[in-house]
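Take a look at the structure set out below.
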Amino acid sequence: MEIKQQFFKQPVRLLAPMEGLTDPLMRQILTQIASDLGRPYDWSVSEFIRVTQTVLPVHVFYKYVPELHHDAKTASGTPIHIQLLGSEAQLMAENAAYACELGAPAIDINFGCPAKTVNNHRGGSVLLDEPEVMYEIISAVRRAVPTHIPVSAKIRLGYTDTSRMDDIRGAISDSGADWLTIHARTKTQGYKPPAYWDKIKAFNKLSIPVIANGEIWNAEQSKHCMVQSGTTHLMLGRGAVTRPDLIAQIDHNNQQNLGSNATLLWQDLITHQIKFLEGQAKNDVVLVGRYKQWLGMLTKGYSEAQILWENVKREKNKATIIAALQSSTQS
């Protein structure tokens, strides 16, 4: 109960873990924007760290969560929870315990990843067909982690279909998880609209908080999600990358005492894009590629991004792209 009261004093807004997208650099940018707009994320969850055969060395944890060097928080102060993915309960427990020694404020367990490679190696959403294994993993992690550190799980509604929802709910209920995040689609449904928010409601029978996720692109959809799911807690994914002000728009729209600066204009976003391009990466080729991925998503949220995309989509030189960004402030 203490953990619940500590983390869920009000409706929470989380930045989702998205492999290859919300990496440390993107987390830094998006959490800074949210903080500047007056509605910081309550926390973000890291990309999953794959657990297979051993307790991972420290450099792996620092690679995925460099925030561990800074009290497990981004520069703007947003806590980062560490997500683990694997199928061996004891190994997951040992890695979770080690992550906590390194400073993890919470452990999240991934039962939602739909990637074929991950599923073929018995990880992520394929375990939704094995609720008994889910129970073993969560309960083993819960026993291994200090009692004051939360253990949560992220799931989908099922693997190929929703026929095992009751079994999944029972496994979560008995496992000792402190809260549950649900992406409102099955693995088979992938990311194809719609999200079935109404099916989340069945999990509200649990005695723990439930967080809704999936297909929230704007404030209006967030309202529909909360009504249909029966929970006020939201995890924002691709919508938050497409419109970095989505979190502020949602709570401004729901009149949660925000100021008038809930909208992030394109000219204000340019500074953050340049910071992204000046961030750390293996090399400039990787950085430019990652930026173009983001810019491509921004075209769905900003008309100005579409114009810039047409100008730089074939450009490989980072300095040239930065110059194009700077010149777009005058357009």
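FYI, it's all coordinate maths here, none of it is from the lab. As the structure is a computational prediction, the values presented were derived from the model and not from experiment. We place every Cβ from the backbone using ideal geometry, glycine too, and count neighbours over all the protein chains shown.
Here are the numbers for the structure shown:
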quantity	calculated
Inter-label distance, nm, simple model (7 Å from Cα along the C-beta direction), Asp166/Gln306	4.8
Radius of gyration, Dmax [region 266-327; alpha carbons; angstrom]	10.5, 30
Fewest-first ranking of Met134, Met92, Met165, Met18, using other Cβ atoms within 10 Å as the exposure measure	Met18, Met165, Met92, Met134
Using alpha-carbon coordinates, inclination of helix 318-327 to the longest axis of the chain, degrees	70
Near-label residues of region 11-39 by backbone N, under 20 Å of a point 7 Å along Cα→Cβ of Gln293	15-33
Shape category assigned to region 1-55 from the gyration tensor of Cα positions, a/c cut at 1.5	oblate
Span from the region 1-64 Cα centroid across to the region 168-234 one, whole angstrom	18
Likely footprinting exposure, Ser229, Ser173, Ser207, fewest C-beta neighbours within 10 Å first	Ser207, Ser173, Ser229
FRET efficiency, Ile274 to Glu19 (Cβ-Cβ, R0 30 Å, nearest 0.05)	0.75
Computed magnitude of the charge dipole of the chain (debye, nearest 20; Cβ of K, R +1, Cβ of D, E -1)	600
Cut-off 9 Å between beta-carbons: net charge of the residues surrounding Leu298, Lys and Arg +1, Asp and Glu -1	+1
10 Å binning of all Cα-Cα separations within the chain, expressed as whole percents from 0 upward	6, 26, 34, 24, 8, 1
Size descriptor, Kirkwood hydrodynamic radius, that averages inverse alpha-carbon separations across region 50-101, Å	11.5
Extension gain, Lys223 back to Gln326 (0.36 nm per residue minus Cα-Cα distance, nm)	33.5 nm
For region 176-300, convex hull volume per residue from C-alpha positions, Å³	156
Gained length - Lys63 relative to Asn317, 0.36 nm times residue gap less alpha-carbon distance	88.9 nm
Cross-link table Lys199/Lys292; Lys4/Lys187; Lys192/Lys313; Lys73/Lys223, entries beyond 32 Å C-alpha to C-alpha	Lys199/Lys292
Reachable aspartates and glutamates from Lys116, criterion Cα separation under 19 angstrom, eight or more residues apart if same chain	Glu19, Glu47, Glu88, Asp129, Glu130, Asp161
At most 15 other Cβ within 10 Å, DSSP loop - GluC sites (Glu not before Pro), region 286-331	Glu315
Selected from Tyr196, Gly230, Ile172, residue furthest toward positive end of dipole (region 116-237; charges at beta carbon)	Tyr196
The chain: angle of helix 24-36 to the longest principal axis, Cα-based, in degrees nearest 10	80
DSSP bridge pairs, the chain: antiparallel proportion in percent, nearest 5	5
